[in-house]
4 protein chains.
Amino acid sequence: MGIKTIAVLTSGGDAPGMNAAIRAVVLAGHHYNLNVLGYQHGYIGLMEQEYQPLTPGDVYNIIQRGGTLLKSARCEPFKTEAGAQQAADNLQQAGVDALIVIGGDGSFRGAEHLSHFWDGQVIGLPGTIDNDVFGTDATIGYYTAIDTALENIDRVRDTADAFERIFLIEVMGRHAGFIGLSAAVGSGAEQVLLPELCEQEQIDIDALTRHIQKAQKIRGKCSYIVIVSENLWPGGANALAEDLNRRTGIECRPVILGHVQRGGSPVSLDRMLASKLGAYAVEAALAGKSGIMLGEQNAKVCEVPLAQTWSQRKPLDPYLVRIQTEMFDLLSTEA
Amino acid sequence: MGIKTIAVLTSGGDAPGMNAAIRAVVLAGHHYNLNVLGYQHGYIGLMEQEYQPLTPGDVYNIIQRGGTLLKSARCEPFKTEAGAQQAADNLQQAGVDALIVIGGDGSFRGAEHLSHFWDGQVIGLPGTIDNDVFGTDATIGYYTAIDTALENIDRVRDTADAFERIFLIEVMGRHAGFIGLSAAVGSGAEQVLLPELCEQEQIDIDALTRHIQKAQKIRGKCSYIVIVSENLWPGGANALAEDLNRRTGIECRPVILGHVQRGGSPVSLDRMLASKLGAYAVEAALAGKSGIMLGEQNAKVCEVPLAQTWSQRKPLDPYLVRIQTEMFDLLSTEA
Amino acid sequence: MGIKTIAVLTSGGDAPGMNAAIRAVVLAGHHYNLNVLGYQHGYIGLMEQEYQPLTPGDVYNIIQRGGTLLKSARCEPFKTEAGAQQAADNLQQAGVDALIVIGGDGSFRGAEHLSHFWDGQVIGLPGTIDNDVFGTDATIGYYTAIDTALENIDRVRDTADAFERIFLIEVMGRHAGFIGLSAAVGSGAEQVLLPELCEQEQIDIDALTRHIQKAQKIRGKCSYIVIVSENLWPGGANALAEDLNRRTGIECRPVILGHVQRGGSPVSLDRMLASKLGAYAVEAALAGKSGIMLGEQNAKVCEVPLAQTWSQRKPLDPYLVRIQTEMFDLLSTEA
Amino acid sequence: MGIKTIAVLTSGGDAPGMNAAIRAVVLAGHHYNLNVLGYQHGYIGLMEQEYQPLTPGDVYNIIQRGGTLLKSARCEPFKTEAGAQQAADNLQQAGVDALIVIGGDGSFRGAEHLSHFWDGQVIGLPGTIDNDVFGTDATIGYYTAIDTALENIDRVRDTADAFERIFLIEVMGRHAGFIGLSAAVGSGAEQVLLPELCEQEQIDIDALTRHIQKAQKIRGKCSYIVIVSENLWPGGANALAEDLNRRTGIECRPVILGHVQRGGSPVSLDRMLASKLGAYAVEAALAGKSGIMLGEQNAKVCEVPLAQTWSQRKPLDPYLVRIQTEMFDLLSTEA
């Protein structure tokens, strides 16, 4: 017996390496003589039966491309019963045995939702720059995003040093500080504000003000870079910069890295992770697996129940936090 | 007779290649057996007599560094008579025969101001990412800035394509559209909004709305990128994006590239331009020149009276404008 | 009357920006309601009538891609009378009024050869990383190549400094030192060996040895980078490094940048140059022009008779040469 | 009691992130009120008592720099008893309690050798692009090297595709295929030749020839990229390319990435790894540890006896090998 046809889609925010994952699914599918279908626009494509067969020729030379050739989208109607039923009917009609969903936790909730209406196999691959998916050490796209952020922060450091000025750099990471922490450690930032380190995900602006004033007092005029995760301050980095200006009397410039963090050619590690997970997804489908996300832990592919991926919170590396907030904070050791 | 001591400073917004220019001044000064002094923090350093001698060893391996090792600053007190007199006294005391100022038009106004109080030679080098200095085909830092902008816009295009969404990307260029035009042509943007192309430097939001609606009508859902120069819309790109959202009903995301455009390792052309102008500045000083900016026109070093650099406006390349706004605008040729 | 159909091909070594030029031809052709055909594999495609129509959709999102979607090739049979006659017959059969050839001097010789057998219009666009085409300040691909070279040389400098070692870095540029000179000035190399600076295009290894020994004597153990154009030494950089090892007793490592210099996403200036020249080629075709190459001089598009492009030699910038070989050579001023 | 003074040096081939590791040692040492000395030129500095105190100011803004500010070297005399004794005497004289050695397996053998003559603490940090150190998932510099290699291979792919040609790309990795495997998977190379996959570390050129011929037969003229580790073929990639030319009749171009893989600004992961290991090295020294290398396994810092680091061989990821050599090899599934 065995399965004959698999389908793949990308959903939620796009991430570098999604194309590499699609390619891996197609090449591995070809290796095992499976038909591979590509659904467009995430779950919208499922609801509107918008797909095309994918062959190795279709994925030639896309491993290095950002974005996703299958397009992505967010799709509210799919969250209804009617929406998921429509998708299930379409999958059945197309003869799909297993569906591989590349996306983040929202996409996996969608996959779980679908599985109540469709008895095909559902397998998730973590594709998001935020790295906020439990059950995998890294998500496809995260490695590229932290290098894109860092490359741009290095540029801001040049100006910060030239002008001995405060810069407040906002990075992505809705409710998770992975990008922010790596950006701070990697750039040698003077301060970092992350959801995991803020009580009730709110910045203690008094403490930040005191830290800046202490830096000025001890070191004199100097450059000072704050990395801040998005959504931690009402009005965002622009408003926070104004507040700091007012409180410290020192010019504080906001830089919002924004969507530049989502795109670009994936770095080596994202291509490798995507290749491994994409290939393994096909093998998991062949083995009859369903209701799982595939991740990588300790350099080995692993399987995680879909629901775990969003119900548990992945912690930051505590040693990195300690380095950034204590050991490398020169001000912490001075009177 | 001849001169014995030259000084160099960087002023105004920093630009990639300023270090390469400083290095060139130091190496050429060394070649001609001159003492070279480096003043810190722009005109502040002149007023506070903050300088150090610079030798070839001090500038080893800085040609590839962004920022400026001499620091930069904006300095209001220098604009007074007392301020310039203080600077003149300090230059005399330090035995400076010629002062080389690396900066933009504001810095050159400062140099002109100084020359009313000091009888040493004053020579300007154009260092600004904005390229808005008359008398030189390019300014030091411009070439790097347009590549930094483009690299980041390419990334946004990945997401714009994946989501078939509108992105509004704000680039630097206070009152000049050089960065914006090159970013638009280079990225194949669907629309560009530049000060030179807007009446009274104000965006015609009705025309923009119609263009977007036409694109949607003809091409269906699609990605659409607008490059916009800073300062063209009250509230900036964030406010403009909200307005467009409201008018078109289509999700429109702002991306503000901001200060990432100022830093980074200079590209090859900025290093070459800085090297040529820095070397030539020393030779111009030796030749007794003063009150001029050195630029490059048609690949040759040229001399321009300081006052011309800000009193005349450098035009955009009209053929590039025509390509971007007419020939490559697919919508312009469809009903 | 007027023309109805234009064709475009890329020939010779590929260069970043060729895709941008193809795109510009297609978009401008569309703007003027022309049919645009794309011939594959350079002149081979002409001989084998291998072409496809190109529409704006075909060139969407290729402005940033290296290589050439039309493929390239070198083609010996085309140089015969029979070969060119076959190509001419094919062009006539396909109804082509004007052919746009993107390539270097060898490709332009081919275009000239073709024009003896075909009475359609022939227009050349300079596309080669070497910049060795007379009549244009820069060729499409040159700007990207010098940044790719420089980026990699910066990396080697890190190691050269860490080990205080001699590195001999070979760059491309068959018989022209444009890449080599910009790489040397841009990287602050200690020495540069270019065809234009070598008598009979041969390296004076005695002078090079003495320069290295002087550097060691004056500065002690130190890093020392030599930029050398390809083809200047029998056996290439590997053999030259061995010779220098033997002569100086100091470890000398060769690095051959090779084909990495040909590829990659084009930088901003190459995209703009390609866009301008591609658009102008269509307008020149409409104006009935033929037998010319379009180039850019002093930031304006210009026309050059095809034969001039290879019969005259474009000189290096003499001031850059003087900077590199005299003014910035610290050893030249010490005993 | 407790220790008062620690020293740090870099040894062997330089690697991106060495500066970040030095910085981490200095900042953590400062945090714990230790004196930190930096020895220059690896073990040569120990023998010649060439050191300087390092303070936080000395390591400001070096986290992003390639190379090593402490210089590196290989040092034969240190391998003798007299050499190590001299080093031990010097360390004692300088009051060093613990020595932190950043380097590869050769450097760790040196550290072990030293420990027979000196009773201070010796701690190793893995710093090499080759990743061939047992006991740590990655070495400082490896992450950057694979991205540098990949970025350049992507460029070659552009040309390979444009010309439908064979390219043989030689990457570093003396006796380990980590760089080669990641480069192959990441670039979607058609073939990979690694020491671990070759019997007696010798290439089976017959099999390679057959694979190329099969590719040509099935796919027609096409691009074909082979990634090959250095030292696998007598005469290197140049000789192998010539052999393949002769055997297949197809033009085969060699590209030797060489020393460009060693330098450059470290990527985010190398900066984080270096920061963690550098900080932990100071804490391990404070805890009285000696004779160990610190590495990272499963995202946690770990300790490994020095001798294990070179006596055991770290294996390649078997799933990545299988993907590259079987699942993604389209030719393996066709007749």
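The values are calculated or read from the model by the stated rules, or taken from the named source; none is laboratory data. Bear in mind that the values here come from a model prediction, so they are computed numbers and not experimental data. Because the Cβ atoms are built from the backbone with ideal geometry, glycine has one as well, and the counts that use them run over all protein chains shown. The area values use the complete protein model at the heavy-atom level, side chains included, leaving out ligands, DNA and RNA. Shrake-Rupley method; radii C 1.70, N 1.55, O 1.52, S 1.80 Å.
Points to keep in mind about this one:
- For the segment B:316-327, counting C-beta atoms of other chains within 10 Å of every residue's C-beta and taking the mean gives 4.
- Sorted largest first, extent of region B:23-103 alpha carbons per principal axis (Å): 37, 27, 16
- On the rotation that sends chain B to chain D, the chain B Cβ lying closest to the axis gives residue and distance in whole Å as B:SER265, 4.
- Evaluated with a Cβ-only charge set (Lys, Arg +1; Asp, Glu -1), the protein assembly as shown carries a dipole of roughly 0 debye about its Cα centre, given to the nearest 20.
- The Cα atoms of region B:1-155 define a convex hull whose projected area, averaged across directions, is 9.6 nm².
- Principal axis dimensions, chain A - Cα atoms, whole angstrom, descending: 74, 37, 29
- Approximating the spin labels as points 7 Å out from Cα along Cα→Cβ, the B:PHE117-to-C:ALA287 distance works out to 5.4 nm.
- Derived from the Cα gyration tensor, the three semi-axes of the equivalent ellipsoid of the protein assembly as shown are 43, 40, 35 Å, largest first.
- Across the identical copies, the label point of C:GLY2 (7 Å from Cα in the Cβ direction) is separated from its matches by 6.1, 6.5, 8.6 nm, in order from shortest.
- With a simple spin-label model that places each label point 7 Å from the Cα along the Cα-to-Cβ direction, the separation between D:ARG322 and B:ALA307 comes to 8.0 nm.
- Legend: mean number of C-beta atoms from other chains within 10 angstrom of residue C-beta atoms, peptide B:274-281, equals 4.
- Cα shape, region B:12-66, gyration tensor, a/c 1.5 rule: oblate
- Averaged over the residues of peptide D:198-210, the number of Cβ atoms from other protein chains lying within 10 Å of each residue's Cβ is 0.
- Charge-dipole axis of region A:206-308 as Lys and Arg at +1 and Asp and Glu at -1 on Cβ define it, positive-most pick from A:SER265, A:ASN231, A:MET293: A:ASN231
- Residue of B:ALA274, B:ALA82, B:ALA184 that the Gaussian network model of chain B assigns the largest fluctuation, springs spanning Cα pairs under 10 Å: B:ALA82
- For chain B, the longest principal axis of the alpha carbon atoms and the long axis of helix B:268-286 meet at an angle near 30°.
- Stokes-Einstein diffusion coefficient of region A:262-304, Kirkwood radius over Cα pairs, 25 °C, 0.890 mPa s, in µm²/s: 218 µm²/s
- Projected over every direction and averaged, the convex hull enclosing the alpha-carbon atoms of region D:190-335 yields 11.8 nm².
- Size of electric dipole in region B:1-147: Cβ of Lys, Arg +1 and of Asp, Glu -1, about Cα centre, debye, nearest 20: 340 debye
- Measure of compaction for region B:219-265 (Cα Rg per 2.2 N^0.38 Å): 1.36
- Distances in nm from C:GLY57 to the matching label points in the other copies, shortest first (labels 7 Å along Cα to Cβ): 1.8, 6.6, 6.7
- Summary for B:SER311: label point 7 Å along Cα→Cβ; distances to the equivalent points in the other copies, ascending, 4.8, 7.7, 8.3 nm.
- Two-site label geometry, A:ILE218 and A:ASP89: point separation in nm, points 7 Å out along Cα→Cβ: 6.7 nm
- Under 17 Å from C:LYS4, Cα to Cα: aspartates and glutamates that are on another chain or at least 8 residues apart: C:ASP97, C:ASP119, C:GLU283
- Using the Karplus relation 6.51 cos²θ - 1.76 cosθ + 1.60 with θ = phi - 60°, the per-residue 3J(HN,Hα) values for region C:139-145 come to 10, 4, x, 5, 4, 5, 4 Hz, with x marking Gly and Pro.
- Cα-Cα P(r), region A:179-227, percent of pairs per 10 Å interval: 25, 49, 24, 1
- Among the listed pairs B:LYS276/C:LYS289; B:LYS217/B:LYS314; D:LYS79/D:LYS300; A:LYS71/B:LYS214; B:LYS214/C:LYS289, those beyond 27 Å (Cα-Cα): B:LYS276/C:LYS289; B:LYS217/B:LYS314; D:LYS79/D:LYS300; B:LYS214/C:LYS289
- Solvent-accessible area buried by pairing A with D, both sides, nearest 100 square angstrom, 1.4 angstrom probe: 4100 Å²
- In region C:89-207, Rg over Rh equals 1.15, where Rg is the alpha-carbon radius of gyration and Rh the Kirkwood radius from pairwise Cα distances.
- Solvent exposure ordering (accessible area, 1.4 Å, most first) of A:SER107, A:SER265: A:SER265, A:SER107
- Size of electric dipole in chain D: Cβ of Lys, Arg +1 and of Asp, Glu -1, about Cα centre, debye, nearest 20: 420 debye
- Gyration tensor (alpha-carbon) shape descriptor, region B:261-335, a/c threshold 1.5: prolate
- With semi-axes defined as the square roots of five times the eigenvalues of the C-alpha gyration tensor, the equivalent ellipsoid of region D:142-262 measures 21, 17, 12 Å, largest first.
- Residue-averaged [θ]222 nm for the protein assembly as shown, counting only DSSP H segments that reach four residues, each worth -39500 (n - 2.57): -12500 deg cm²/dmol
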